[in-house]
Structure formats: C-alpha cells, structure tokens
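Read the structure below first, then the notes.
The values are calculated or read from the model by the stated rules, or taken from the named source; none is laboratory data. Note that this is a predicted model, so its numbers are computed, not measured. Heads up, the Cβs are rebuilt from the backbone with ideal geometry, glycines too, and the neighbour counts pull from every protein chain shown. Heavy atoms of the whole protein, side chains included, go into the accessibility calculation; ligands, DNA and RNA do not. Shrake-Rupley method; radii C 1.70, N 1.55, O 1.52, S 1.80 Å.
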Amino acid sequence: MGERDEEDRPFETTRGRDGGAGGSALTDLTRLHVHEMARLLRTGEVSSRALAEAHLAAAARQNHALNAWLAIDRKSALAQADAADRRIAESRRPGGSGVAALHPLCGVPVGLKDLVSVKGGQATAGSKILKGYVAPFDSTVTARLRQAGAVILGKTNMDEFAMGSSTEHSAYGPTANPWDLTRVPGGSSGGSAAAVAAYHVPVSIGTDTGGSIRQPASLCGIVGLKPTYGRVSRYGIVAFASSLDQIGPLARDARDAAILLHAVSGRDERDATSAPVPVPDELLDLPSSDDEAASYLKGRRLALPREYFVEGMEPGVAGRVREAVAAMEAAGARIEEVSLPHTDYGLASYYIIAPAECSSNLARYDGVVYGFADRSSGDYIADYLCTRGTGFGPEVKRRIMLGTYALSAGYYDAYYVKAQKVRTLIKADFDAVWAAGFDAICAPTSPTVAFPMGARLEDPVAMYLSDACTLPVNMAGLPGMSIPAGLSDGLPVGLQLVGAPWRELGMLRLARAYEAITARATWRDLEPAELHLTDDPTTPSPLERKARRTQGAPATGSGDQS
Amino acid sequence: MIPSMANLSRADVEHVAHLARLGLAEAELARLEGQLNHILDQYTILTTLDTEHIPPTAQTIALANILRDDVVQPSLAVDDVLANAPERSGDHFVVPAILGGDGGA
C-alpha cells in the first residue's frame, strides 16, 4: 500500500491489485475509476473512444436484465469521445494548454438521471406525462459536464418525478439491483446507482430530495453524495420539491465523487438558489496514498446520533455502521454519542413539505406548453383532469393529493406552517452539533439493505420509512453522503456521513480516509453478486419479473401498478 | 391543529382531486382514501410538539434578493420553445378556451 502503486503499475486496475502477481494486464476498461482513466487518457495509454466503446458495450449487453438506462445515445457518445480525444491531443501539442489544464473528467463516460436536460434529447423524469418531450436547452449541469469534456452516454431510470425509494415508480419499468436481481436498487436515482454499480459508467448524476442519491448508493454498494443546498445549479433539472432538491454525484469511490462534484458545482446566474460559495479545487486532489488519506482521521470529532439506531433498523445494518465507526476510532478519530432530539418528527414534516412543494411544481403539467395532453373532451377542466389523471402515475398522484390537501384552505397552518416550524427545530439540532465542534455525523444511510421488488409498493408509509435516516439532512440543507461499509446478508450496507454547510471537501476526505483504512477488507474486492447473470440474454427483465410476481396476486395487489 | 384522528372522507378525497385537477377512476379514489388517511395518521406525531414560538423555515441558506443585471440576454428561439407544444398555431401555443360561447369577441 502506498502512493506509488498507481504510478508504478499503470496497467493494473484497483481490483487487480490484490489478486494478481503484480503487473497483470488491464483487460476491462469498465473497471477503472475516473482518477485512473484521467491518468491513462493523459499518457495516451487509453483513448476516450475506447472507454466509451467498452462502457457502451457493457450497458447495451446488460440493460435488458437491469433496466438501468432509459436511453443510450451511442452515436452522440462516440462523437463526444472523439471530441475529447482531439481535445486531449491538442492540449499535448507544443503551445497547447498541457494535459494538466484538462479537467479529470475529460474523456470520461458519465450517465445522467433522466430529469437532466440535454439539448435535443429526452427528459422523461420517469413519467408518461413527459414521454416524447425533447429538451430545447442544456441544463447547467450538462453544460458544465460538456465544458469539462465528459462523455454523456445516456439517461438513467428513476422513480417518476424522483418520488420514491425503489425506482419501481418509473413509468418505464423498475430497475434491478445488480447484487440481487429480484431486489430494488433503491431510489429515486436507482438507474444512476445501478449503472455505476454495474460498471456501465464510473460516475453518474442523481438528484436527492429526501435521500434519492444516498439511499440507492447504499443499496447498490457505491458512493453517493448530496451536496449542500445551493451548491449545484438546478437550472434545466425537472423540479420536485424546490426547497429540498439538490443534484449530486454517484461514484465507486470518494475521489471520483469529488471529481464529478467539482465539475458541476458553483454559482449559476440561471438558478437564484445557487450560492456564491467558492468551489475548492482540492476536490481534485484527494490523496491517492492510503497512508496519507488515513491520517485525516487523527483527532477528527465524529458524532454518533443515538436517534438513528432505533427500531426498524436491521441488526446487520446497525452492526456494519458501528464497526465502521469503531474502525475510524481505531485510526485516531474521536467518537461521541450525540442527540438529534427532533429526528422522530422528520418523516411527518418532510411528508408535508415535499408533497406541498411537489403539488405546486407539478401544476405546470397542464397539457398546454409541453408534455402529454388529452384534449378530447372539449371542456378545459375535463381536459386538465384527463391529461393529469392519465399522465401521472400512482405515487405522483398520491403526493399531489397530499400536498394539495396540506396547502388547502383551513389546513395550511395546521400542516404546512407546522411542518416548516418543525423544520426549524430539525435544523437547530444539527446546528448544535456543528457548534459543539464536530467534524461530521456518522449514521446509517438506510435502515435496511435492498428490499425485494414489490415489498413496499402497496404500503406508501413503509416506502417512506426507507428515507427516515436521510431526509432530515435535506430538511436542514446539509451535505450528506453514503459510502459502502460492507455487507449484511450478502447485500451492501451504506455508512452515512453528514457535514456542516459547504463542508463537502472535509466529508469527502473523511470518506477517502475510511476507504483507506478498509482498503484490505475482503468485501472491497467483491463485484455485485448477480452482475454476471445480466450477461445472459435469457435472464428476465425487471418488467418480466414484475409481471410474473403480480400474476395471480389479489386484485387489490396489482391495482397500484397502473 | 392537526386533527388527532385522520378523517378524510370520500367526498374530501374527491374535492382535493378536483382542486389538484386529477381525474381519478373509482378504484383510485377508493384506494387513495385509505392510503391518504394512513399517511395523515403519521402526521399526528407533530401535534405533540409545541412550536408556538418557533419561526418557520422555508429555505436553509441565507441568500436574499438574488438579482441579475438588467441587461438583455439571448433566449430560446420561438421555434425551439414551441417544438414541444401539444398544439401550435403560428408563433403561439393553442390554449384551451376558458370562456364559453361561440368564440365571438
């Protein structure tokens, strides 16, 4: 172990490091991390086109069994890759900018959740109501990725309008978890998480309103980061709950998450909620050496909130999280139990505020300016009813109903204002932790490992509880991330880190330190257990599995799946 | 105050659906009545918290009055904007008629 590993053995993948006798040839480009790709692209040992081809081939071969992608644009991806190769070649010429001036994402394949606008492409948000919509402009995230030279392969599956924790609420069929194809990948950014876990892309973009980056990252065994509210511009991203939504990276390690975060962050004139806070370039320089990375833990003060280890938490999840915290303590961190006393009120207040904002945001889908329209009745009210009744799926309708009710005359103070007051208390709980001098909070990301498809589909409250540990972080606007912390029953467990506002860099250094001290853990070398099955064209698709599951089920059981 | 027992009737559900402009089938209304009441039950925990003197939080970062310079900027071309319109007439969106009558004005 040491910082010279990568430089000395450039053709070895991270995974090959333990198994091989040293210097084994690089056979699969999809196993590379972004920081490895960046190095090989600069030395000319690999081309962006070769990276794009390898990743496109994996996605095309395995998407049938995973349904992680709603659209893959091979032609556009290869054109972007060729442009990146030209850019890299030009930077190398005498008088060129030099490869050091390139962003590490230059030439690297990325995936985008299908609510990110890419000019000329689809942005369904997982909904029938946006089927056929063609984005007339690039989102700011898209524009910044293009500026960095990233290669966009396509759009990933998601719960409709990002409402859900399993990706089963997509109008285009569920996504399977590569660790167990009968289980959910989490949600709502389930396609983005599964695509990264399956090595179709090293990094992807997701959005997180109550846990939609962190929870699928946890369930798929990868890294997911929700930045501070205001860190990333949301211009050109389909809105769900505007006081909570934030965009962020999914990746296979902390360094890659930091690189993608760096590329898309920062103030944008087109989003008034994007904050004029500098984006640290140190995000590009997280230590490659495990020793250096681990040293960050010395003297760090980490808070363990007792309210996050409660009933409903699987013992295996709590166990892995406590082991992870113990490992950080052994490496020099100081762990103290703290109380976030209003945690129990998070779920109820979130499920007032988020639906209220969603009911307002989704009022725009009226079949006039864009999107699905049913104008068959000749009466404008009846047309709205048909357009929205047909265009939205069951979970979105449920949340619009909740939000409309909570905002309606006579209930506004009782529900919405009350929830906003509770939000103040939840935020104050976290503020007290930062005031006490803690560097980060450590908690589980999800109370459970990946659950079977269908298990929570008929019980909205059970589904909502999936995000009990993540949504308070959105309520407080804080940065949070999930990092892999081992397995329980053969399925990934995520450790959640929460930081003070704008402290993503410290949180990522902590995540990198945890990776360093667990670099030799056996679970680090495991690939998703059922990923190999996705190479088999006879493996059923998630939709076929769903059809088999609901066959013969009681009528009340299938009613929600319209 | 949040009612201690959730009490959305079928008529309430239909009323809210109409406010939200959601055309729901009979089966959906029936299912929603049960599910919404179950969700509203979860809200009752909030009644146990005294928030009388707590100010509400609408957003979490201290930004105010973000204004750009009042300078003309390029915007999308009319054709790009109208390309997704369900119904278009020349350079206009066709909107549903909201006033009755024979269209004479």
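Out of A:L385, A:L402, A:L362, report the one residue that is modelled with pLDDT of 95 or more, within 30 Å of B:T48 (Cα to Cα) and not charged (D, E, K, R).
Of A:L385, A:L402, A:L362, the one residue that is modelled with pLDDT of 95 or more, within 30 Å of B:T48 (Cα to Cα) and not charged (D, E, K, R) is A:L402.
Taking the range A:385-406 as the region of interest, how many residues are more than 9 Å from every other protein chain (Cβ to nearest Cβ) and either under 19 Å from A:L347 (Cβ atoms) or in contact with a His (Cβ under 9 Å, 6 or more places away or on another chain) (or both)?
Final tally of qualifying residues: 4.
Answer with yes or no whether A:R520 is surrounded by 23 or more Cβ atoms within 10 Å (Cβ to Cβ) and at pLDDT 95 or above.
no
So if I check each of A:G332, A:G316, which one is surrounded by fewer than 18 Cβ atoms within 10 Å (Cβ to Cβ), in contact with a Ser or Thr (Cβ under 7 Å, 6 or more places away or on another chain) and modelled with pLDDT of 95 or more?
One residue alone meets the criteria, A:G316.
If you take the residues in the range B:90-105 that are at pLDDT 85 or above and loosely packed, with under 10 Cβ neighbours inside 10 Å, which one is farthest from A:L244 (Cα to Cα)?
Filtering the range B:90-105 for residues that are at pLDDT 85 or above and loosely packed, with under 10 Cβ neighbours inside 10 Å, the one farthest from A:L244 (Cα to Cα) comes out as B:G90.
Test each condition in (1) under 27 Å from B:E33 (Cβ atoms); (2) open to solvent by less than 50 Å² (accessible area, probe 1.4 Å); (3) not β-branched (V, I, T) for A:D413 and report the one that comes out false.
(2)
If A:K418 meets every condition in (1) closer than 30 Å to A:P341 by Cβ; (2) more than 7 Å from chain B (Cβ to nearest Cβ) apart from one, which number is that one?
Among (1) closer than 30 Å to A:P341 by Cβ; (2) more than 7 Å from chain B (Cβ to nearest Cβ), A:K418 violates only (2).
Name the single residue, out of those in the range B:16-30 being within 20 Å of the chain's Cα centre (by Cα) and open to solvent by 60 Å² or more (accessible area, probe 1.4 Å), that is farthest from the other protein chains (Cβ to nearest Cβ).
The selected residue is B:H18.
Please count how many residues of the range A:346-374 are open to solvent by 40 Å² or more (accessible area, probe 1.4 Å) and either assigned to a helix (DSSP H, G or I) or more than 7 Å from chain B (Cβ to nearest Cβ) (or both).
Counting residues in the range A:346-374 that are open to solvent by 40 Å² or more (accessible area, probe 1.4 Å) and either assigned to a helix (DSSP H, G or I) or more than 7 Å from chain B (Cβ to nearest Cβ) (or both) gives 5.
Which count do you get for residues in the range A:103-159 that are more than 21 Å from the chain's Cα centre (by Cα) and part of a helix (DSSP H, G or I)?
Residues meeting the conditions: 4.
Give the range B:31-75 a look and list any residue that's open to solvent by 90 Å² or more (accessible area, probe 1.4 Å) and either facing another protein chain (nearest Cβ under 7 Å) or more than 26 Å from A:E357 (Cα to Cα) (or both), or say none.
B:R68, B:D69, B:D70, B:V72, B:Q73, B:P74, B:S75
Listed here are the residues, each with its yes/no results for (1) part of a loop (DSSP other than H, G, I, E, B); (2) at pLDDT below 95; (3) within 21 Å of A:L225 (Cα to Cα).
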residue: A:V493; (1), (2), (3): no, no, yes
residue: A:R512; (1), (2), (3): no, no, yes
residue: A:E515; (1), (2), (3): no, no, yes
residue: A:L533; (1), (2), (3): no, no, no
residue: A:T538; (1), (2), (3): yes, no, no
residue: A:L543; (1), (2), (3): no, no, no
residue: A:A547; (1), (2), (3): no, yes, no
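When you check A:S482 against the structure, is it hydroxyl-bearing (S, T, Y) and within 11 Å of chain B (Cβ to nearest Cβ), yes or no?
No; evaluated as a whole, the condition is false for this residue.
Exactly one of (1) in contact (Cβ under 8 Å) with a residue 24 or more places away in the chain; (2) not in a helix (DSSP H, G or I) is unmet by A:P94. Its number?
Going through (1) in contact (Cβ under 8 Å) with a residue 24 or more places away in the chain; (2) not in a helix (DSSP H, G or I) one by one, A:P94 breaks only (1).
Would it be correct to say that B:V78 is more than 9 Å from every other protein chain (Cβ to nearest Cβ) and surrounded by 11 or more Cβ atoms within 10 Å (Cβ to Cβ)?
Criteria met by B:V78.
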